[in-house]
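As structure tokens, the structure follows; a few thoughts come after it.
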Amino acid sequence: EQQEKWVPRAVNMEIIGTYAQTELGHGTFLRGLETTATYDPNTEEFVLNSPTLTAYKWWPGGLAHTANHCVVVAQLHSKGVNHGVHPFIVQIRDEDTHMPLPGVKVGEIGPKLSFSTANNGFLGFDNFRVPRDSMLMKNAQVLKDGTYVKSRLSKLTYGTMVFIRVMIVTDMAYYLSVGATIAIRYSAVRHQSKPKENEPEPQILDYVTQQHKLFIALASSHAFRVTGQWLWTTFVRVNKALTSGNADTLPELHAVACCLKAVTTRDAASMVEACRMSCGGHGYMTSSYLPILYGITTAACTYEGENTVLLLQTARSLVKAWQKGSKGKPLSPTEAYLMDKSPVPKWENTLDGIIAGFRRVSAGKVQDCVSKIDKLVKMGTSYEDAWNQTSVRLVAASEAHSRAVILATFRAEVSRAAAALSPPLARVLHQLVHLYTVYWALERVGDLLLYTSIAERDVQELQQQYEDLLQKIRPNTVGLVDAFDLRDEILNSTLGAYDGRVYERLMEEALKSPLNAEPVNQSFHKYLKPFMQGKL
Ligand SMILES: CC/C=C\C/C=C\C/C=C\C/C=C\CC/C=C/C(=O)SCCNC(=O)CCNC(=O)[C@H](O)C(C)(C)COP(=O)(O)OP(=O)(O)OC[C@H]1O[C@@H](n2cnc3c(N)ncnc32)[C@H](O)[C@@H]1OP(=O)(O)O
Ligand SMILES: Cc1cc2nc3c(=O)[nH]c(=O)nc-3n(C[C@H](O)[C@H](O)[C@H](O)COP(=O)(O)OP(=O)(O)OC[C@H]3O[C@@H](n4cnc5c(N)ncnc54)[C@H](O)[C@@H]3O)c2cc1C
């Protein structure tokens, strides 16, 4: 009924909304949110109020000047009892005049690192009344007399965040495809230095260091697209089960969505920055789009759950799984490997060997965390303090788990799809899987030395495998980014345009600057000349 009331109006843009959860004082700790929604049975209304400055909603995208409605997350009070945070759909502006409604204080939070086109806003309520059906009652309800009917699963309130985290993994695949396209096309056009005096300046794409910076971004885009598809399929399956009242698979989805969102956003931000730096000074130009792209990807490390907090959520699940498995209870499919108690096998420099190695690293780190926590608790430390003292290791265990999931998914999905591809295309995609897997084995070689039987000669061989792969992938690099098929209008980049006219585009953009409107800028007469004449 509520969906019938609100969804059609949102779809036809009568309602422009945003998600108003975060407050000045709280973003991570949702149970600490201060906005209140108090039920008045006499009028069958909720009274929304921001009791303190820190209760003001702060950050929601589009809130400042675009949205006329929003989903407000508030502490629900009824009959004198606080039932915790619940979502409410609230009109905040007049639909004709767009003026803020009486009792609503709304505005712009100010300049940000990037996302300058999103008017992120603040929102405060001064005993603002909304009808009872403003409470989104899919999971919990408040009856007309104020009786609270609890949800069958309180964490369903957090469902929106799981959905967005699932989507963000695919978002990161897209953003990496943009960064890789810009940087690799530019690296094909840019010629620099003379390693061989009697030969012309080479393409910077032929420097192996440049390949090392860029090819992992290209491979990661495919790895995250494939993993994002797998995660979406998992989300749809869990959501279908939830609809029929079965919440058994929700904890696994929450745990894997948390660590994949955290690892893919962190990787995307650092790899987009590497793309920016690989383009030298021109990568620092706004017209290259790379600084803006960095701002977008680094924001994702914070929004929809700050990365450290999410990695700790997954660590909570991994520790619980270890404790469950140690009692012989079955584990979820993504965590089942934790109970592999077989002897550490002889190391193999193969994809399966490396994937098995990362699972050993994750299981070993989880076991070390459980041992440390148990030891601290036995010494009289509270569990919460023991958790905090172990949290750096817990984050590392969570990252290792996430990497094992991405490596295994990327390999399995490309192997499955390869049968339907032409042999040359299958070969190139397998090279990207191989590069991605060997890259991360070398990046985490310390962990592999600690938890597997990898030896020094294996590491030397992996390094050689990696350098051979860079050489094999080089001839197809431009074709691989062209295959993302990103239009120039979407790339919005002087360095990444399909025609490669980099220098002409850089100059064209420069001449658009208002500072080039006249040969002598007024600042000369107002400041420079008086200063030079000693008059300032
Ligand atoms: C291609 C590109 C095209 C388009 C993209 C274009 C642009 C992209 C632009 C933007 C992208 C979109 C959005 C940007 C806007 C951003 C929006 C936001 O940021 S919204 C706000 C997000 N905020 C958060 O995520 C808050 C994070 N905090 C939390 O989730 C909770 O506070 C936290 C889980 C950290 C702790 O909560 P708490 O109640 O203390 O839980 P506790 O740790 O005690 O665990 C209790 C229990 O609950 C389980 N649980 C927790 N969360 C969930 C969940 N979400 N689902 C299911 N279960 C959950 C937890 O596991 C635990 O269970 P057990 O007790 O262990 O059994
Ligand atoms: C671009 C952008 C868009 C956004 N859009 C929206 C939106 O549309 N709607 C919305 O509601 N919100 C939005 N947000 C807000 C975002 O969800 C919050 O910023 C995010 O949840 C982090 O909360 P916080 O900012 O309060 O940081 P905090 O939670 O205060 O975190 C600060 C630091 O404390 C650490 N920390 C916190 N808790 C723990 C813990 N338990 N253990 C270990 N370390 C911890 C964190 O790791 C972090 O390093 C947006 C934010 C950004 C940057």
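The values are calculated or read from the model by the stated rules, or taken from the named source; none is laboratory data. Note that the structure is predicted; figures quoted are calculated from it, not measured. Because the Cβ atoms are built from the backbone with ideal geometry, glycine has one as well, and the counts that use them run over all protein chains shown. All accessible areas refer to the heavy atoms of the entire protein, side chains included, with ligands and DNA or RNA removed. Shrake-Rupley method; radii C 1.70, N 1.55, O 1.52, S 1.80 Å.
Decide, for the range 444-536, between rounded, prolate and oblate: order the square roots of the alpha carbon gyration tensor eigenvalues as a ≥ b ≥ c, take rounded if a/c falls under 1.5, and otherwise choose prolate if a/b is larger than b/c, else oblate. It is oblate, given that a/c is not under 1.5 and a/b is not larger than b/c.
In this calculation the C-beta distance from E95 to E467 is compared with R0 = 45 Å, giving a FRET efficiency of 0.15.
For I16, the residues 5 or more places off, or on other chains, whose built amide H falls under 5 Å of its own are N68, H69.
Projecting the Cα atoms of S116, Y303, H86 onto the dipole axis of the chain, where Lys and Arg carry +1 and Asp and Glu carry -1 at the beta carbon, places H86 farthest toward the positive end. How big is the gap, in Å, between the Cα center of the range 475-489 and the Cα center of the range 203-260? Measuring centre to centre over Cα atoms gives 21 Å. Relative contact order of the range 380-491, taken over Cα pairs closer than 8 Å and 6 or more residues apart, is 22 percent.
With the charge dipole of the chain set up from +1 on Lys and Arg Cβ and -1 on Asp and Glu Cβ about the Cα centre, the Cα lying farthest toward the positive end among the listed residues I204, A356, S382 is that of S382. 3J(HN,Hα) couplings calculated from phi for the range 285-302 with the Karplus curve 6.51 cos²θ - 1.76 cosθ + 1.60 (θ = phi - 60°) are, in sequence order, 6, 4, 5, 6, 6, 5, x, 5, 4, 5, x, 5, 6, 6, 4, 5, 6, 10 Hz; Gly and Pro show x. Classify the chain as rounded, prolate or oblate from the Cα gyration tensor: take a ≥ b ≥ c as the square roots of its eigenvalues, call it rounded if a/c is under 1.5, otherwise prolate when a/b beats b/c and oblate if not. Taking the square roots of the gyration eigenvalues as a ≥ b ≥ c, the chain is oblate.
Using a probe of 1.4 Å, the accessible surface attributed to D482 totals some 50 Å² when neighbouring protein chains are kept in position. Give the long-range amide H neighbours of A74: residues separated by 5 or more places, or on another chain, with amide H under 5 Å away, using H modelled in the peptide plane at 1.01 Å from N. Residues meeting the criterion, in which the H sits 1.01 Å from N, are H86, F88. Here the range 57-110 and the range 419-458 have alpha carbon centers that stand 49 Å from each other. Spacing of the modelled spin labels on M339 and Q389, each 7 Å from Cα toward Cβ, amounts to 3.0 nm.
The string of couplings for the range 5-21 from the Karplus curve (6.51, -1.76, 1.60, θ = phi - 60°) is 6, 9, 4, x, 6, 6, 4, 8, 6, 6, 9, 10, x, 8, 10, 9, 10 Hz, one whole number per residue in order, with x for Gly and Pro. Going through the cross-link list K150/K375; K138/K329; K341/K378; K261/K512, which pairs have a Cα-Cα distance over 30 Å in this structure? K150/K375; K138/K329; K261/K512, as the Cα separations exceed 30 Å there.
Summing Lys and Arg as +1 and Asp and Glu as -1 over all other residues whose Cβ lies under 10 Å from the Cβ of D340 gives a net charge of +3. Charging the Cβ of each Asp and Glu at -1 and of each Lys and Arg at +1, and nothing else, the dipole of the range 11-64 about its Cα centre rounds to 280 debye. Taking the average, over residues, of other Cβ atoms within 10 Å as the packing measure, peptides 173-185, 88-100, 438-450 rank 173-185, 438-450, 88-100 from highest down. Net charge dipole, the chain: roughly 1140 debye, given to the nearest 20, about the Cα centre with Cβ charges of +1 for Lys and Arg and -1 for Asp and Glu.
The dipole here belongs to the range 333-383: it is taken about the Cα centre, uses +1 on the Cβ of Lys and Arg and -1 on the Cβ of Asp and Glu, and is about 240 debye. In plain terms, the chain from A483 to E348 could stretch by 45.3 nm, reckoned as 0.36 nm per residue minus the Cα-Cα distance. Given R0 = 22 Å, the distance between the Cβ atoms of A426 and W232 translates into a calculated FRET efficiency of 0.40.
The calculated FRET efficiency for V309 paired with S382, based on their beta-carbon distance and R0 = 22 Å, is about 0.65. Between the C-alpha center of the range 307-323 and that of the range 341-361 there is a gap of 22 Å.
Counting only protein chain heavy atoms and rolling a 1.4 Å probe, the accessible areas of E456, E467 rank, largest first, as E456, E467. Once C-alpha pairs closer than 8 Å and six or more residues apart are averaged by separation and normalised to the residue number of the chain, the relative contact order reads 13 percent. Modelled spin labels at N246 and L506, positioned 7 Å past Cα toward Cβ, are 5.9 nm from each other.
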